[in-house]
Amino acid sequence: MYPPDFATLTPDKPAVILADGPRGQERILTYRELVEGSNRLGRLLVDSGLRPGDRLAILAENHLRYFELVWAGLNCGLYITPVNSHLTPPEVAYLINDSGAKALISSRALAEVAEAVVPETPGVVRRLMLDGGSEHYEDLDAATAGFSAEPRDDEIRGTFMLYSSGTTGRPKGIQFPLPDWPASEGDVPLLPGARGAFGFNAEAVYISPAPLYHAAPLRVSALMHSVGGTVVVLPKFDAEGALHAIERYRVTTSQWVPTMFVRMLKLPPEVRARYDLSSLRIAVHAAAPCPVEVKRQMIEWWGPIIFEYYAGSENVGSTGLTSEEWLAHPGSVGRAQGGVLHICGEDDAELPAGQDGVVYFEAKGAGFRYHNDPDRTRAVSHPAHPGWRTLGDIGHVDEDGYLYLSDRKDFTIIAGGVNIYPREIEDVLVLHDEVVDVAVFGVPHPELGEQVKAVVQPVRMADAGDELAARLLEHCRTRLAPFKWPRSIDFVPELPRLDNGKLYKKPLRDAYWAAEASTVTR
């Protein structure tokens, strides 16, 4: 099934709730409104010349009507590219041009950026805007007013062309073959698993505390609409606000990233105890590694409802595990699901259990490619086994086949020939009461090659200085081997953490390399 079915069965049921304000002041989009709006927009897009396989870009905040735009594109057989609403005009223009988008839909809240990219995006043939128009963008409601709200007879399923976060380089478009089934069949690959493993059904209420332009909240919300459930959207993540929304809307299903767990755990105990979270049936987390102690505390607080998976938008393979499995294998991200894991060393040979190497998945399915980048596409495959593909992570499996991630291959520190994985150090430091966030990476050293640098976002920037650094170093000394201790600690008001939980570490590290490398070579 898909939204038009529920527009008939439950027309007045909330499809989307934008939880912005106290009860009675939140904004609600019903299934009837969702479907009528998406149908009108779909007809406009076809009338504008867009055909199956063309690209639609969406530049909007967590907007009540975001999914009108999504479902219009999905039901027209288009590739949908959601654009990060925090990007600068040059970054936005790059994604639009690289994707080949023929239509761009934005919102009044982002009108300044939307207007700035007009001269740089000549390939866009139709520009529309939610909440009113602007100089180069038509008001969406005015533009679609003359079109029918009925589904088209020739609806064909589209898909997403998401862009990587760009944490290790420029964002890459992740493209799959276009589906070859009618739009009314919904998300054929994912729906069975969502119903079975996560209990997706018409009674489910899913909360999205993350931006909708990210892969997981976007795709999971669309899945929820395919079963007739309700999606609760937060304008932005707020630790107490998320707990409040769970209680208010009796949320059953949720998805998080580890930094959200950290922020909620650091709320005062009386605040955490204030909210009734008993409606939650499953809390899924992914996107970034979760410190062992953080996850242990979350299971103690929420109970054994937490499910973790490891995967990527490239869909090369995945792992997963329940709370019970994690308690028996703490620190693991689970066993392979629907494929085979391979851990390979620097010589590309497969390694035995317990040894760290590059994580590869051997899995069947429609292969992706990086849009406009065949070299990157080839680079993710094993040299001797083209069917084994990697997301670029280092890890090992235990004797039971459970995977443990060490870090990104690109961020491994090599000091005096010894591999040091920043994630382990970050997991220790982030648990300190005076730390909000931390990034660890290698910087140049004249003898060792690299040494460990920690950049910390403290709870109070006024406390930053030598005394806090000494306390943090002492914290590390009791928990880490000496070769892993940070050799220096710097403090910043905020780290470049993306909304999907991933740390944008590359430009931070590159700045230190540029500065410290010049010092070392003097």
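The values are calculated or read from the model by the stated rules, or taken from the named source; none is laboratory data. Note that this is a predicted model, so its numbers are computed, not measured. When we count neighbours, we look across all protein chains shown, and the Cβ atoms used for this are built from the backbone with ideal geometry, even at glycine. Note: areas computed on protein heavy atoms with side chains; ligands, DNA, RNA excluded. Shrake-Rupley method; radii C 1.70, N 1.55, O 1.52, S 1.80 Å.
List of remarks:
- Selection status of E516, modelled with pLDDT of 90 or more and either open to solvent by 40 Å² or more (accessible area, probe 1.4 Å) or among the hydrophobic types (A, V, I, L, M, F, W, C) (or both): no
- Residues located in segment 174-220, provided they are assigned to a helix (DSSP H, G or I), farther than 27 Å from V92 by Cβ and not polar (S, T, N, Q): A183, E185, L191, P192, G193, A194, R195, G196, A197, F198
- Subset of segment 303-319 that is at positive phi and touching a Gly at 6+ places or on another chain (Cβ under 7 Å) - its residue that is surrounded by the fewest Cβ atoms within 10 Å (Cβ to Cβ): N315
- Residue satisfying all of: in segment 475-505; open to solvent by less than 40 Å² (accessible area, probe 1.4 Å) and polar (S, T, N, Q); modelled with the lowest pLDDT among these: N500
- Residues of segment 290-302 that are out of contact with any His (no Cβ under 9 Å at 6 or more places or on another chain) and either over 11 Å from V430 (Cβ atoms) or free of Cβ contacts under 8 Å to residues at least 24 places away in the same chain (or both): V292, R296, Q297, I299, E300, W301, W302.
- For beta carbons closer than 8 Å, sequence separation of 6+ or different chains, a first residue in segment 35-47 that is touching a residue at least 60 places away in the same chain (Cβ under 8 Å) and a second that is among the charged types (D, E, K, R) and surrounded by fewer than 22 Cβ atoms within 10 Å (Cβ to Cβ), the qualifying pairs are N39/E150; N39/R152; G42/R152; G42/E155; R43/R152; L44/R126; L45/R126; V46/R152.
- Restricting segment 433-457 to residues that are outside any strand (DSSP E or B) and at pLDDT below 90, the residue that is most open to solvent (accessible area, probe 1.4 Å): E447
- Considering A242, A210, A216, A202, the condition of being touching a strand residue (DSSP E or B) at 6+ places or on another chain (Cβ under 8 Å), open to solvent by 20 Å² or more (accessible area, probe 1.4 Å) and not β-branched (V, I, T) is satisfied by A216 alone.
- Highlighted here are the strands (runs of 3 or more DSSP E) found entirely within segment 1-63 that include at least 1 residues which are over 24 Å from L234 (Cα atoms) and open to solvent by 20 Å² or more (accessible area, probe 1.4 Å): 55-59.
- Residue in segment 376-395 that is farthest from G312 (Cα to Cα), counting only those that are open to solvent by 30 Å² or more (accessible area, probe 1.4 Å) and in a loop (DSSP other than H, G, I, E, B): A384
- Summed over segment 261-284, the residues that are buried (at least 20 other Cβ atoms within 10 Å of the Cβ) and under 18 Å from V430 (Cα atoms) give a count of 3.
- Being without any contact (Cβ under 8 Å) to a residue 40 or more places away in the chain, open to solvent by 50 Å² or more (accessible area, probe 1.4 Å) and in a loop (DSSP other than H, G, I, E, B) holds for only one residue in G132, G123, G146, and it is G146.
- Counted residues, segment 29-46 - those being of a type outside the set (S, T, N, Q) and under 27 Å from the mean Cα position of the chain (by Cα): 7
- One residue stands out among those in segment 64-82 that are farther than 12 Å from L218 by Cβ and in contact (Cβ under 8 Å) with a residue 60 or more places away in the chain: the one that is most open to solvent (accessible area, probe 1.4 Å), which is R65.
- Only one of the listed residues (P289, P268, P258) is touching a Cys at 6+ places or on another chain (Cβ under 6 Å), more than 16 Å from I17 (Cβ to Cβ) and not aromatic (F, W, Y). That residue is P258.
- The residues in segment 406-432 that are open to solvent by less than 30 Å² (accessible area, probe 1.4 Å), assigned to a strand (DSSP E or B) and either under 20 Å from V292 (Cα atoms) or of a type outside the set (A, V, I, L, M) (or both) can be counted, and the count is 3.
- Residue within segment 454-475 that is among the charged types (D, E, K, R) and touching a residue at least 40 places away in the same chain (Cβ under 8 Å) present: no
- The single condition among (1) surrounded by fewer than 21 Cβ atoms within 10 Å (Cβ to Cβ); (2) closer than 22 Å to A114 by Cβ; (3) at pLDDT 95 or above that H86 does not satisfy is (3).
- Of the listed requirements (1) free of Cβ contacts under 8 Å to residues at least 40 places away in the same chain; (2) exposed (fewer than 13 other Cβ atoms within 10 Å of the Cβ), G354 misses just one: (1).
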